[in-house]
Amino acid sequence: MENLAQHIQPYFSITKEDFSSIEHLFEAEKILKGDFFIRKEQYCEKMSFIQQGYVRVYANSKDKEITQWIATKGYFITDLYSFIFDQRARWNIQTLTDCYLFTISKENYKKLSEILPNWHNLEKKFIANCFATLEDRVFDHLSLNTEERYLKFFHQNKGLFNEVPLQFLASMLGMTPETLSRIRKKFKVTIYKFTLNKKLARLF
């Protein structure tokens, strides 16, 4: 579980010794492409760290699906509202590829406070970081135009554009697939012209 150790220690601000004491609570798990980690209205009974693969978090709204997030290697996945507050899940969480996970059940998650005396403070920081990330996304949607949102997301998540259907990324960015395609085409042309001009400049 070396990958898990590398991420969970800074994610939850715990020491190597603390991680060694809780490592046995996580189990390796494989979920096949297209399978559901959790469906909306179910109770989410686990939290997983993604070792490999892509997972989509989405919900249905009237006649369309809204992609809330695409989780990748190095992220944790769960329906946090359901997992923490024992409520029905508000999101569908489905794999886009075969996924390899390290999973902790809710039952084992509750044992963390028994093993780590300061777990409640660490958990508060974890939840606060989750909400801070959500606030940043909301601010981006309110303050950035479509091209700015695309550029920021592209530079932070370039690998997704080769692995994930564009309609999911468009939904996550709050735009139509047609708008995303137009923006991508525009910036591809801009980059091509910039590269071509640099090559021509070297000739003279």
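The values are calculated or read from the model by the stated rules, or taken from the named source; none is laboratory data. In this text the structure is predicted, and so the values were computed from the model without any measurement. Here the Cβ is made from the backbone with ideal geometry for all residues, glycine too, and neighbour counts use every protein chain on show.
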Residue hits (segment 123-164; exposed (fewer than 15 other Cβ atoms within 10 Å of the Cβ) and of a type in the set (K, R)) are K124, K125, K152, K158
All-but-one check, T67 against (1) touching a residue at least 40 places away in the same chain (Cβ under 8 Å); (2) within 20 Å of the chain's Cα centre (by Cα); (3) surrounded by fewer than 13 Cβ atoms within 10 Å (Cβ to Cβ), failing number (3)
Notebook entry, point to check: assigned by TED's automatic domain parsing to the domain that holds R182, out of contact with any Lys or Arg (no Cβ under 9 Å at 6 or more places or on another chain), acidic (D, E) and in a helix (DSSP H, G or I) - does that describe any residue in segment 87-109?
Noted result: no
Here the residues within segment 113-158 that are closer than 19 Å to Y11 by Cα, among the small types (G, A, S) and out of contact with any helix residue (DSSP H, G or I) (no Cβ under 6 Å at 6 or more places or on another chain) are A128, A132
Log entry, pairs with first residue in segment 110-124 being at positive phi, second being assigned to a helix (DSSP H, G or I) and among the aromatic types (F, W, Y), beta carbons closer than 7 Å, six or more apart or on different chains, reads none
Within segment 70-115, the residues that are farther than 26 Å from Q6 by Cα, buried (at least 19 other Cβ atoms within 10 Å of the Cβ) and of a type outside the set (S, T, Y) are A89, W91, N92
Scanning segment 159-186 for residues that are of a type in the set (V, I, T) and in a helix (DSSP H, G or I), the one nearest to G34 (Cα to Cα) turns out to be T179
query: Just a yes or no: is a residue in segment 53-62 among the charged types (D, E, K, R) and surrounded by 13 or more Cβ atoms within 10 Å (Cβ to Cβ)?
result: yes
Checked segment 150-181 for anything among the small types (G, A, S) and either farther than 14 Å from Y58 by Cα or touching a His at 6+ places or on another chain (Cβ under 7 Å) (or both); matches are G159, G174, S181
Within segment 1-40, residues being surrounded by 12 or more Cβ atoms within 10 Å (Cβ to Cβ) and either in contact with a Lys or Arg (Cβ under 7 Å, 6 or more places away or on another chain) or part of a strand (DSSP E or B) (or both) number 11
Problem set entry | Residue check for D18: in contact (Cβ under 8 Å) with a residue 40 or more places away in the chain, closer than 17 Å to E107 by Cβ, more than 20 Å from the chain's Cα centre (by Cα) and in the same structural domain as D98 (by TED's automatic domain parsing) | no
S48 passes all but one of the listed conditions (1) out of contact with any Leu (no Cβ under 8 Å at 6 or more places or on another chain); (2) surrounded by 14 or more Cβ atoms within 10 Å (Cβ to Cβ); the exception is number (1)
Within segment 61-72, residues on the phi < 0 side of the Ramachandran plot and modelled with pLDDT under 90 come out as S61, D63, K64
